[in-house]
Amino acid sequence: MATATAGAAEAGRQLLSIGAVLGVLRDEFPEVTISKIRFLEAERLVEPQRTPSGYRKFSRADVHRLAQVLRMQRDHYLPLRVIREHLDALDAGEEPPALPGGGEPHAIEPPQPEAFVPGPRLGRAELLAAAGVAEQQLADWESYGLVVATPEGGYDPEMLQVARLVAELGRFGLEPRHLRAVKAAADREVGLVEQVVAPLRRHRNPQTRAHAAALARELATLSVRLHAALVQAGLRARPGL
């Protein structure tokens with residue numbers, strides 16, 4: 001009986017709390033969070049034991065499995081469904097199913113970001129002429145942070161698009177002060193994208209850091225589409241609009 005009790009105690013010491021697992025994983029995956037671990041559990045990628053009081057307890061095998069999942073996401077950008085299929089096959093002692101396009105996880109090259117060639121930077125006079133606006137209008141837009149010059153003093157091509165859109169809205173009576181909420185929403189979306197890609201930019205893997213730029217553009221596109229869809233849905237819900 002004493003031997004069995006000692007064995008159970010030893011097994012208990014080998015199990016880790018979710019906080020301890022987080023500490024182990026963060027050595028390699030600094031962006032991982034407790035919420036992420038819980039999400040992977042909810043997706044049936046890991047099944048920790050539970051104490052009678054409901055606390056999660058992870059074995060070393062569980063930690064190894066979590067690291068495999070995170071590594072496949074980070075290095076190969078695989079969806080959870082594909083990761084689950086591979087891990088299930090390995091657990092059953094079978095050959096993992098072929099990935100789309102063929103090859104095994106370790107052989108997959110991460111998607112390369114599209115080449116991004118910025119357009120020419122505009123001077124102030126060029127921006128005024130291209131947007132068809134007066135100096136005072138541009139000064140007003142700048143005072144509200146709608147149009148922003150680069151530290152070197154020029155304007156990126158995106159600022160010309162912003163200027164044209166602000167001018168179009170002005171024809172409907174919308175002044176810069178009315179657009180502060182739009183600017184604030186855009187700033188929050190930028191912060192959200194930055195929050196997602198920041199861990200990738202800090203990563204040791206050069207390919208992962210390079211992927212951050214492409215991911216940021218993809219997230220920005222999705223964010224804009226979501227914003228437009230929400231505005232359209234909100235208008236549709238208003239009678240007469």
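Looking across region 24-51 at every residue that is within 20 Å of V196 (Cα to Cα) and in a helix (DSSP H, G or I), the one that is most open to solvent (accessible area, probe 1.4 Å) is identified as R38. Among the conditions (1) part of a helix (DSSP H, G or I); (2) modelled with pLDDT under 80; (3) not acidic (D, E), the only one that L235 does not satisfy is (2).
Quick check on region 52-83: of everything there that is more than 30 Å from Q207 (Cα to Cα) and open to solvent by less than 40 Å² (accessible area, probe 1.4 Å), which residue is modelled with the lowest pLDDT?
G54
Scanning region 150-158 turns up at least one residue that is open to solvent by 50 Å² or more (accessible area, probe 1.4 Å), modelled with pLDDT under 90 and touching a Ser or Thr at 6+ places or on another chain (Cβ under 7 Å).
When each of V166, V182, V193 is tested for being in a helix (DSSP H, G or I) and closer than 20 Å to V32 by Cβ, the lone residue that passes is V193.
Please find, within region 124-144, the residue that is most open to solvent (accessible area, probe 1.4 Å) out of those that are touching a Pro at 6+ places or on another chain (Cβ under 8 Å) and either in a helix (DSSP H, G or I) or at pLDDT 95 or above (or both).
Restricting to residues being touching a Pro at 6+ places or on another chain (Cβ under 8 Å) and either in a helix (DSSP H, G or I) or at pLDDT 95 or above (or both), the top hit is S143.
Within region 12-23, the set of residues being open to solvent by less than 50 Å² (accessible area, probe 1.4 Å) and modelled with pLDDT under 90 comprises just one member, G12. Taking region 197-241 as the range and being open to solvent by 80 Å² or more (accessible area, probe 1.4 Å), closer than 21 Å to P30 by Cα and in contact with a helix residue (DSSP H, G or I) (Cβ under 9 Å, 6 or more places away or on another chain) as the test, the residues that pass are R201, R202, Q207, R209. Put simply, of P113, P97 the only residue that is touching a Lys or Arg at 6+ places or on another chain (Cβ under 9 Å), surrounded by 10 or more Cβ atoms within 10 Å (Cβ to Cβ) and at pLDDT below 85 is P113. Pairs are defined by a Cβ separation below 8 Å, a sequence spacing of at least 6 or placement on different chains, a first member in region 50-70 that is more than 15 Å from I34 (Cβ to Cβ), and a second member that is open to solvent by 50 Å² or more (accessible area, probe 1.4 Å) and part of a strand (DSSP E or B); the pairs so defined are R50/R56; R50/K57; T51/K57; S59/Q49.
The values are calculated or read from the model by the stated rules, or taken from the named source; none is laboratory data. For clarity, every value in this text was computed on a predicted model and none was experimentally measured. Neighbour counts are summed over all protein chains in view; Cβ atoms, including those assigned to glycine, are modelled from backbone coordinates with ideal geometry. Areas reflect the complete protein model, heavy atoms only, side chains present, ligands, DNA and RNA absent. Shrake-Rupley method; radii C 1.70, N 1.55, O 1.52, S 1.80 Å.
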